[in-house]
Structures are given as structure tokens and as C-alpha cells.
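Enquirer: I'd like to ask you about the structure that follows.
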Amino acid sequence: MEQHELATTRSYKDTTCAVDAASPSLRELAVPATDPSHAGQKEMAEQTQIKRLFSFTQIFFFSLTFMSSWESQALNLNAVLTNGGPEALVWGIVIVVFGALAQSASLAEMASMQPIAGAQYHWTHHLAPPSQRKFITWMQGWITWFAWVSLLAGVANTTATMIQGLAIVNYPDYDPKRWHITLIIFAMLIVEGLMNMYTFWLIPWIELLAGVLHVVMFIIFLVVFAALAPRHTADYVFLTTQSESGWTDKFISWNIGLLTPTWGFVGFDGAVHMSEEVRRARQAVPRSIFWTVATNAVLAYSIVICTLFTMGPIDKALEASFPIIAICEHATGSVKTATAMVCGLLVISLSVNLASIAHNVPVRAVWLPVFIVMVLACLNIPSSAAFGAFVALSSIGLFVSYFIAISCMVLNRFRQDGVPVGTWNMGRWGLPVNIFALIYTAYVTIWLCFPAYRPVTGENMNYALPIFGGTTLFAFVYWFLRGRRHWPGLNKNIVRLVVEGGELQLK
């Protein structure tokens, strides 16, 4: 998902650094330029100007490729084929799409009110009850940041697993080890971190290539599968449930299988984190958030239906190191053709991973998330379920951040002095959609915490909840040790500089 806090808040950080360097008040910045005593402040204000490069169409296609929903369904089939089978995917994605539409519509309303890179962090401060505002904002900031770092880990692990899968298929003598995936992740992150530091000019071209491939590969996969692969029956696709994970309760197994469709519909708030670089952000960003999910839903469901009808035996797909490779080989009858098709997805995955690392920010902001992801990647060595843990970890983090922000939005609707909604809003449907989004978010989050296999061992344990719980507990304890007394809270000058009128205005 191209989906991230550190990667997309560069303009916000640049502005923050500029303001903090001199710490002038907004009133000081706003004095007439004719006053020579304020020449420095005028120059300072000019330095905080933000280049708004993206139109609605551009930010929409950026966000569309960043989510990569149909690619996520194709690349992460193992979880749902192990828990739930075809039925869990074909119907589970319907549930996920409706839930994601409710989530995205709720966040789009908030983006219309305040289009700023901090997104959930700023909205929470903007909408939370005054008595708990500072604490809730503190926790939201920590949770959202770690969720995006975890998302980088999930994308990196997907890419590394794909590379290893291609090596297994093309080099029969290769003996795959779990620690190989960890080393591949290390190599990718180091190269991409250096590229963000020294060859950033290449990244827009790589992202452009990924955008083209996002459309081209979708067409190729549909045509190849539909034209060449044998067909399953409709009963098989829509009514076949199976569990190869050890879970005997079909209801539990089916819900654990939601991990695959859910992973393809997180990170839709990526457009918000670019909002300070979007023209007419109050109108363009909310529309981009909602219609990105709606469009990706059509693409993802199309690829799911086509794949399930033409995938061949489930057992053979699950035996493969990476199911989509075996499915492509089954459809085409050629290892080389399957490799070429999956390599197209590999380029898209690499570009998403590349976009997930910060750039145009202090060096420590580039390498801190890289280091944290490297530490998380070491889970691959002892655990065969590390990939599922990475996917669940980022999904849990983002879902909790959505839940906090939407809850504050619901409470705001009942306040007499509540903040008015923006120009993009759902009218009378706003509250029901918000509530449905909260119910969906809470329901899916519960299942993301479940282990994918029974019996549970140290090797197949789902470490997502312990890791998320540990980081959240750290933020909670740190609040009482230091944050409550020393953290000044949200920098409101930055919000006013960036948000007013959807453009940078100094008043």
C-alpha cells in the first residue's frame, strides 16, 4: 500500500523545522511587509511556502497505485487459502470493501475539514473532547507512526518473499532458508534508503513506471488467466470453505482469512499525507481518498474472481513458496512466462517499498524506520508466520488510528460547540456511516490478533498483538513519565499556516 507517515509528511516536517527555527508567532508573520523591523519574519514566511504540485487527477492515480489493492490480493493468497478457502476470499472481500468505504468516507470528511499531512494525529486533536485532547493526541501520534513503520515492514516482507519464491522456481538447486528473507529485506532497505538520500530524482520515474504497470499488469493477468487457464465451477468459487491451518471451527477460520482482503485496503489515507502538496486540497484530497477505495474495490474483486476460477488445485498453490507463482505457471504452462508476470508485480512492490521511506527530511528520519524494520525482519528467522504478523501488525495499528479519529468525529457530532464539517461531507448519512465504520474496524481488529495456525507454537505464533501492545504500552508509560508534563502539544501555528483555505495563507 504506498501508504506513509514518514514518507509523506516531508512538507509538514520542512514547515515545522522552518517555524521552530525562529519560533515567530503567526501574528508576527502577518505584519505588513513595509515594516522593516519585520523583514526577517517576512523572509521566514516566504520560506514556509509549500509547492502544491498535485491536481486531483494526479493525487488520485498516485493513491490508486500506492494502495495496490489488486496486487495485494494476488500476492497474499496464502493466508486466506489456509483459513477459509475460496469462499472466504470471494465473500470476505465484499465485507472488507464496504467497511473500507465507510472508513474512507469518514476520513474524507475529516480531510475536508483539515487537509494536513499529520492526518489522524491532527484530526484527533481537532475533534477530541477538550479534557482528554492532549493525551488522546499523544497516543494517536505514537500509534499512527508505528503503524506506518509496520506497513513498511509488511511491504518489504512481501517483496522479499516474492524474490525468494522466484529463485526457488527458477533455480531448483536453491535451498531456501527463512534468514535469507531477512537478508533480502536488509539489502532492499539499505539500497532504498541510499536512493532516497542521494538519487531522489530517480524515484518519480520509478513511481511513474509502477503506475503504468499497475494498469498494464492488471490487464495482462486478466487476459492470461481468462484465456489460458482451466476453469473451476461457480460452486467451487463461491461455496467452497476449507481450513488447512488446524482451526476446526469454520467461523473462526473464515474470519482469520479476512487478513488477505483487509491488507489490500489499508493505507488509503496515503493521499492525506500528501495533502500539503495538492492544489485545492479541501476538495481534491477527500475525493481522492473515497474514490481510490471504490476504484480499487472494482479492480481487486475482478482479479479475485478471475484468480479463483482459474487457480487450479488449492493444495498445489499452498505447496508453493509463493502461491501466485504456481497459479501463473498453472495458467501458462511455462515457468519463464510465470516469472515474467510476477516480475511485473515485483517492480510495483519495490516501488511501493521505496515510496514508504522518508525523503527530503533529516537523515535520522530516513534511517530510523529502516532500522526498526530491520529489527522486525529478524522475526523471519525463528517464525514461519512472520509475514502474517507483519501484515496484521500494520493493519491493527492503522485500524486503531482510524478508530480513534472516527470516534472523535462521532463525539464531535454530539457537541453543541462541535467543529463544523467541510465541503465534502455525507450529510445526514454521516453519523450512521461513522458508526458502521467503527463496528467494522473493531470487528476486523479482533480477528487480526488471532494466530493463523493451531496448535500455537513459538514458530507459528502471531506476534502482532504482543508487539503492538508493547509499543502502545511504551507510549502510555512515557506519557506519565514525561509527556504529560513536558510535551507542549500540537503546534497550532503549523496547522493554520497549512490548512487555512486549503492553501498556505498568512493572516
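The values are calculated or read from the model by the stated rules, or taken from the named source; none is laboratory data. Predicted model, so just to flag it, every value in this text is computed and none were measured. Note that each Cβ is placed from the backbone with ideal geometry, even for glycine, and that neighbours are counted across all protein chains shown. Side chains are part of the model used for accessible areas, which takes the heavy atoms of the whole protein and leaves out ligands, DNA and RNA. Shrake-Rupley method; radii C 1.70, N 1.55, O 1.52, S 1.80 Å.
Enquirer: If Ile435 satisfies every condition in (1) at pLDDT 85 or above; (2) open to solvent by less than 60 Å² (accessible area, probe 1.4 Å) but one, which is the exception?
Expert: The number of the failed condition is (2).
Enquirer: Kindly evaluate Gly141 against the criterion of being of a type in the set (Gly, Ala, Ser) and open to solvent by less than 10 Å² (accessible area, probe 1.4 Å).
Expert: Criteria not met by Gly141.
Enquirer: Collect the residues in region 447-475 that are under 14 Å from Gly397 (Cα atoms), surrounded by 14 or more Cβ atoms within 10 Å (Cβ to Cβ) and not hydrophobic (A, V, I, L, M, F, W, C), keeping them in residue-number order.
Expert: Those that are under 14 Å from Gly397 (Cα atoms), surrounded by 14 or more Cβ atoms within 10 Å (Cβ to Cβ) and not hydrophobic (A, V, I, L, M, F, W, C): Tyr463, Thr471, Thr472.
Enquirer: Out of all the residues in region 403-421, which are open to solvent by 40 Å² or more (accessible area, probe 1.4 Å) and either part of a helix (DSSP H, G or I) or charged (D, E, K, R) (or both)?
Expert: Residues satisfying the conditions are Phe403, Leu411, Arg413, Phe414, Arg415, Asp417.
Enquirer: A follow-up question, please. Whether any residue in region 265-276 is under 30 Å from Phe62 (Cβ atoms) and at pLDDT 85 or above is what I want to check.
Expert: The answer is yes, given that some residue of region 265-276 is under 30 Å from Phe62 (Cβ atoms) and at pLDDT 85 or above.
Enquirer: May I pose another question? Hey, can you tell me all the residues within region 131-145 that are aliphatic (A, V, I, L, M) and at pLDDT below 90?
Expert: none
Enquirer: Sticking with this one: Could you run through region 241-262 and say how many residues are under 16 Å from Val304 (Cα atoms) and either out of contact with any Leu (no Cβ under 9 Å at 6 or more places or on another chain) or open to solvent by 50 Å² or more (accessible area, probe 1.4 Å) (or both)?
Expert: 1
Enquirer: Exactly one of these conditions fails for Thr182: (1) in a helix (DSSP H, G or I); (2) crowded, with 22+ Cβ neighbours inside 10 Å. Give me its number.
Expert: (2)
Enquirer: Does Ala271 qualify as being hydrophobic (A, V, I, L, M, F, W, C), open to solvent by 10 Å² or more (accessible area, probe 1.4 Å) and assigned to a helix (DSSP H, G or I)?
Expert: no
Enquirer: Pick from Val285, Val293, Val304: which is open to solvent by less than 10 Å² (accessible area, probe 1.4 Å), in a helix (DSSP H, G or I), within 16 Å of Thr65 (Cα to Cα) and at pLDDT 90 or above?
Expert: Of the residues listed, the single one that is open to solvent by less than 10 Å² (accessible area, probe 1.4 Å), in a helix (DSSP H, G or I), within 16 Å of Thr65 (Cα to Cα) and at pLDDT 90 or above is Val293.
Enquirer: Testing Ala167 on (1) over 22 Å from the mean Cα position of the chain (by Cα); (2) open to solvent by less than 10 Å² (accessible area, probe 1.4 Å); (3) at pLDDT 90 or above, one condition comes back false. Which one is that?
Expert: Tallying (1) over 22 Å from the mean Cα position of the chain (by Cα); (2) open to solvent by less than 10 Å² (accessible area, probe 1.4 Å); (3) at pLDDT 90 or above, Ala167 fails exactly one: (2).
Enquirer: Would you confirm, using the coordinates I've provided, whether His214 is under 16 Å from Ser401 (Cα atoms), assigned to a helix (DSSP H, G or I) and not β-branched (Val, Ile, Thr)?
Expert: When the stated conditions are applied, His214 does not pass them.
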